[in-house]
Amino acid sequence: MGHGLRSTRRPSPNRDPYGTLAMTLLALTSLVVLLPIGAHADGGPTTPVQVENAIRHHIASLRAVEYREARRVTAVEGTTVAIYTAEGACAGFSLRAKPGTCSNNWVRYMVALSDGRTTQPLEVGGKGDLSDTSTTISQGVIEVTGLSFGPGDSMCCPSVPKTKEFRISPSGLSQIVRPPQ
C-alpha cells in the first residue's frame with residue numbers, strides 16, 4: 001500500500017501539542033465560566049438575580065438592546081441600584097424590526113432592590129440629558145451625578161455638572177425635585 005518511503009522526521013522531544021492545546025482550552029473555559037461570577041470588570045458588585053430579571057424584562061419590553069459594558073451597580077446598606085443603558089428601542093415600530101436597530105438613541109434607566117422588592121425601571125438620563133458618572137446611596141436617597149449639556153456643547157461632550165436625586169420607597173423610585181436656588 002505504501003510507496004516504500006518512510007518519514008525521517010522525528011517529533012521534537014520538547015513538543016507536546018496535546019498538552020499545550022489542553023492548557024489553552026482549560027484557560028479559555030475558565031474565563032468563560034468565571035467571568036460572570038464575582039465582581040464586574042470595574043470591581044463593582046454583581047447584579048442580583050431579581051435586578052437582572054427586571055432589566056432583561058424591561059429591555060425586552062422596549063425591544064431594545066442593553067449596552068452591558070455601561071451598566072453600573074451600587075450596593076449600600078441592603079439596597080442595590082443598577083443603572084443600565086437601553087439602545088435602539090423598537091417598541092412602537094414594525095414587529096419585523098430587529099430589537100435594538102430602530103434608532104441611534106440611548107436612554108439610561110435605574111432599577112433598585114431594597115427590602116426584597118425590586119422597583120420598576122425609571123429613566124435617569126440618556127442622549128441629550130444626564131450622562132451619569134457616579135451613584136451614591138444614603139438613607140433611602142439615591143444620588144446620580146454626571147454631566148449634562150450646556151448651550152455650546154455638542155452631542156458628544158456634555159460639560160455641565162449635574163446631580164439628580166431619587167427616593168426609594170415601598171411604592172418604587174421617584175425623583176426628588178428641589179426648588180432652584
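Bear in mind these aren't lab numbers, they're just calculated from the coordinates by the rules spelled out. Please read these numbers as outputs of a predicted model, since none were measured by experiment. With ideal geometry, Cβ positions are generated from the backbone for all residues, glycine too; neighbour counts draw on all protein chains shown.
Table for the structure above
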read-out: For segment 49-176, size of Cβ-based charge dipole, Lys and Arg +1, Asp and Glu -1, in debye; value: 420
read-out: Exposure proxy order (Cβ contacts within 10 Å, fewest to most) of ARG68, ARG178; value: ARG178, ARG68
read-out: Sites GLN181 and SER154 - FRET efficiency at Förster radius 35 Å, r taken between beta-carbons, to 0.05; value: 0.80
read-out: Likely footprinting exposure, TYR84, TYR67, fewest C-beta neighbours within 10 Å first; value: TYR67, TYR84
